[in-house]
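One structure is given here, and the rest of the page talks about it.
The values are calculated or read from the model by the stated rules, or taken from the named source; none is laboratory data. Not measured: the values here are computed from a predicted model. Note that each Cβ is placed from the backbone with ideal geometry, even for glycine, and that neighbours are counted across all protein chains shown. The area values use the complete protein model at the heavy-atom level, side chains included, leaving out ligands, DNA and RNA. Shrake-Rupley method; radii C 1.70, N 1.55, O 1.52, S 1.80 Å.
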Amino acid sequence: MTATLFTNARLIDPEAGSDTLGSLLVRDGRIAAAGAEIVLPQDVDLVDCGGKCLAPGIVDIGVKVCEPGERHKESYRSAGLAAAAGGVTTMVTRPDTTPTIDNPETLEFVTRRANAAAPVNVLPMAALTKGREGREMTEIGFLMDAGAVAFTDCDHVVTNTKVFSRALSYARSCGALVIAHPQEPGLSAGSCATSGKFASLRGLPAVSPIAERMGLDRDIALLEMTGARYHADQITTARALPALERAKKNGLDITAGVSIHHLTLNELDVADYRTFFKVKPPLRSEDDRLAAIDALRSGLIDIICSMHTPQDEESKRLPFEEAASGAVALETLLPAAMRLYHGDHLDLPALFAALSLNPARRLGLDSGRLSAGAPADLVLFDPDVPFVLDRATLHSKSRNTPFDGQRMQGRVLATYVAGTPVYRRD
């Protein structure tokens, strides 16, 4: 294969914590060298980055692709195109499909579909319990052999503590990663907002932030008992952070993520019952949002994810309480994350540690960095270019984004998977 040399690039290396001007050489789908001075090899394709940022491609944990069952909302093809346009080179997909991905046969089907249709890497997760019903654990070992990279019941909390503890114990014996949704389901049932003055004024059924802490406290206790590998899909409240900090200090194998919507929006954005802002868990107070950003900056929260959840127009054009939860975010993840950079909350290496390096490490991947030998999964972007988002231009089949019509700053120029361009902005 012909080598490719990216020159005049602002190299964002989250592993080294550096942001420097230099070049990057790609050969045979992997990074061969990176730095200020690289000897120009023969038979090389030159790509002049024009001083724009070149960073590891985003590894996005928790993407919902609606195959099988609801292909009209999102297919692997449309999700893959959206991911490529958003600088996401690896989608880690959720099992909350119809039917649930809870057996090797269904997992092998979606893996074939993904490999055939998506231009980016797709790593599937499988359900922790059959049907995500919380009654009987899945065949974790067989599903790992079939390619499952983690196990989760998504937003269905396993309420039976004995079943959950047995699943964690078995996952530990297999070395499997369990991803859970910290929430006390009794308190959160039927809620669509975070309790407080705003929810009361709007007359919306609300849940206290303490429900997230209660759910996390239970899971941490079970981790102490089982020693399993555990990732909290979203930590969105200040109340849950002390428990997370104690668990990490006590040496438990625990990491935590947060969605880009909870980092850049708050409960007031719901305004006049705008259902595109209805997500799960519900948007939090501004104090919670700032606490999550502080936790991300300190490393207490490890990962930023999109929590890409396509919903069709019919399920969103309903009264707020009845509307479906979720928002598409594959294509808006990086521009929205630039708000943290331009707001001086995080520098670019720290931001890409949360977007690329940390999720790759948690899943045992060798991507997410610019080191020699790493896969050449890359995103070239301009962090400063302004634009107004028009949801009609998104590649997803569903276009339920809360950022429609908003001013954004930062755009993907090109995306590469194994050194091959899968997206170029016209």
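Taking a straight Cα-Cα cut-off under 19 Å and skipping sequence neighbours fewer than 8 places away in the same chain, the lysines within cross-link reach of Lys162 are Lys130. The distance linking region 316-381 with region 9-77 is 13 Å (Cα centroid to Cα centroid, whole angstrom). Viscosity 1.567 mPa s, temperature 4 °C: give me the Stokes-Einstein translational D for region 54-94 in µm²/s, with Rh taken as the Kirkwood radius over C-alpha pairs. Rounded, D is 123 µm²/s. When the convex hull of its Cα atoms is viewed from all sides, region 1-119 shows a mean projected area of 9.0 nm².
Using only Cα atoms, what is the ratio of the radius of gyration of the chain to 2.2 N^0.38 Å? If you can, show how the numbers build up before the last one.
Values: Rg = 20.7 Å, N = 426, 2.2 N^0.38 = 22.0 Å.
Compared with the compact-globule rule of thumb, the chain sits at 0.94.
Cross-link reach is defined here as a Cα-Cα straight distance under 18 Å, omitting same-chain residues fewer than 8 places apart; for Lys316 the lysines meeting it are Lys64, Lys73, Lys278, Lys280, Lys397. Taken per residue, the accessible surface of region 288-426 reaches 37 Å², heavy atoms only and a 1.4 Å probe. In the context of the full set of protein chains, region 1-73 has a per residue accessible area of 45 Å² (1.4 Å probe). Using the Cβ-Cβ distance between Asp145 and Glu224 with R0 set to 35 Å, the FRET efficiency works out to roughly 0.75.
For a quick protection proxy, order the peptides 357-370, 189-202 by their average other-Cβ count within 10 Å, most packed first.
Working: 357-370: 21.9, 189-202: 16.2.
So the order, starting with the most tightly packed, is 357-370, 189-202.
Leaving out ligands, DNA and RNA, what percent of the accessible area of the chain is carbon and sulfur, probe 1.4 Å?
Values: 7880 of 16570 Å².
After summing per-atom areas, the C and S share lands at 48 percent.
Run the numbers for Glu314 and His342: contour at 0.36 nm per residue of separation, minus the present Cα-Cα distance, in nm. Intermediate values should be presented prior to the final figure.
Values: separation 28, 0.36 × 28 = 10.08 nm, distance 3.54 nm.
Residue separation times 0.36 nm, minus the Cα-Cα distance, leaves 6.5 nm.
Mean residue ellipticity at 222 nm, helices only, the chain: -8000 deg cm²/dmol; runs of at least 4 DSSP H residues each add -39,500 (n - 2.57), and the sum is divided by the number of residues.
Taken over the alpha carbons of region 53-178 as equal point scatterers, the Debye sum produces base-10 log I(q)/I(0) values at 0.09, 0.11, 0.19 Å⁻¹ of -0.25, -0.37, -0.98.
Alpha carbon centre of region 126-176 versus region 228-242: separation in Å? Taking the Cα centre of region 228-242 as reference, the centre of region 126-176 is 19 Å away.
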